[in-house]
1. Give me the pairs: first residue in region 101-118 and closer than 19 Å to ALA58 by Cβ and acidic (Asp, Glu), second residue buried (at least 20 other Cβ atoms within 10 Å of the Cβ) and at pLDDT 95 or above, beta-carbon distance under 8 Å, and six or more apart or on different chains, which are they?
2. Considering every residue within region 106-114, establish whether at least one is among the hydroxyl-bearing types (Ser, Thr, Tyr), closer than 20 Å to HIS156 by Cα and over 13 Å from the mean Cα position of the chain (by Cα).
3. Mind checking which pairs have a first residue in region 64-79 that is touching a residue at least 60 places away in the same chain (Cβ under 8 Å) and β-branched (Val, Ile, Thr) and a second that is surrounded by fewer than 22 Cβ atoms within 10 Å (Cβ to Cβ) and in a strand (DSSP E or B), Cβ under 9 Å, 6 or more apart or different chains?
4. Scan LEU116, LEU168, LEU99 and give me the residue that is farther than 15 Å from ASN54 by Cβ, buried (at least 16 other Cβ atoms within 10 Å of the Cβ) and modelled with pLDDT of 95 or more.
5. Pick from region 138-161 the residues that are closer than 28 Å to TYR101 by Cα and touching a helix residue (DSSP H, G or I) at 6+ places or on another chain (Cβ under 8 Å): which of them is surrounded by the most Cβ atoms within 10 Å (Cβ to Cβ)?
6. Name the strands (runs of 3 or more DSSP E) wholly inside region 1-105 in which the number of residues that are of a type in the set (A, V, I, L, M, F, W, C) is 2 or more.
7. Out of the residues in region 122-137 that are surrounded by 13 or more Cβ atoms within 10 Å (Cβ to Cβ) and either touching a residue at least 60 places away in the same chain (Cβ under 8 Å) or of a type in the set (Val, Ile, Thr) (or both), which is nearest to GLY97 (Cα to Cα)?
8. Hey, can you tell me all the residues within region 125-143 that are under 15 Å from the mean Cα position of the chain (by Cα), part of a helix (DSSP H, G or I) and of a type in the set (A, V, I, L, M)?
Amino acid sequence: MNTFRRARRTDAEMLPAIERSAAKAFLALPDLAWIADDDIQSVDRHIELIAEGNAWVAVDEHDHPVGFLNAAWMGDSLHIWEFAVRHDLQGRGLGRGLLEYVVQEARSQGAEAITLTTFRHVPWNQPFYERVGFRTLPTDAIAGDLRTVLDKEVEHGIPGEKRCAMILPLR
């Protein structure tokens, strides 16, 4: 049985491998297969987010991370940077459980909302988040830090028309 907890500094070394494993799911999508080999967050970046208290993990029965979600505060909202579950464990509700755990954590910290950017047409992206209560923001309603995030994704080579920004209001 999996449980969820705040990530610890000792988890940081394992998280890039989880992200790389999770990215294998994109091999099933010819137009996005390149993501399987794209850049991932460094151990140093994981350590930074863990130190800020903005990283959570799903762990196995040995307390080893098998999934993670890390985020950062953007004003009164918690913005999800990366959310990954080891490829061989995907589709079992582990990601949903971790996300629900983080939603409760964000509420307890006074977040007004949780935001993220994601792919529109990928089943485990926009459609998944809609099923758990997120709503897609109209393009003309995306501003500030969220607009900056999307713009940087386009600079990195991600086609802007395939991306969207989403929000889960918590109040």
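1. GLU105/TRP56
2. So far as region 106-114 goes, no, none of its residues is among the hydroxyl-bearing types (Ser, Thr, Tyr), closer than 20 Å to HIS156 by Cα and over 13 Å from the mean Cα position of the chain (by Cα).
3. Here the result reads VAL66/VAL59, each pair linking region 64-79 to a residue that is surrounded by fewer than 22 Cβ atoms within 10 Å (Cβ to Cβ) and in a strand (DSSP E or B).
4. Unique residue meeting the criteria: LEU168.
5. ILE142
6. 55-59, 65-74, 77-85
7. TRP124
8. None; the set is empty.
The values are calculated or read from the model by the stated rules, or taken from the named source; none is laboratory data. Keep in mind the model is a prediction, meaning the values are calculated, not measured. Cβ atoms come from the backbone with ideal geometry, glycine included; neighbour counts cover every protein chain shown.
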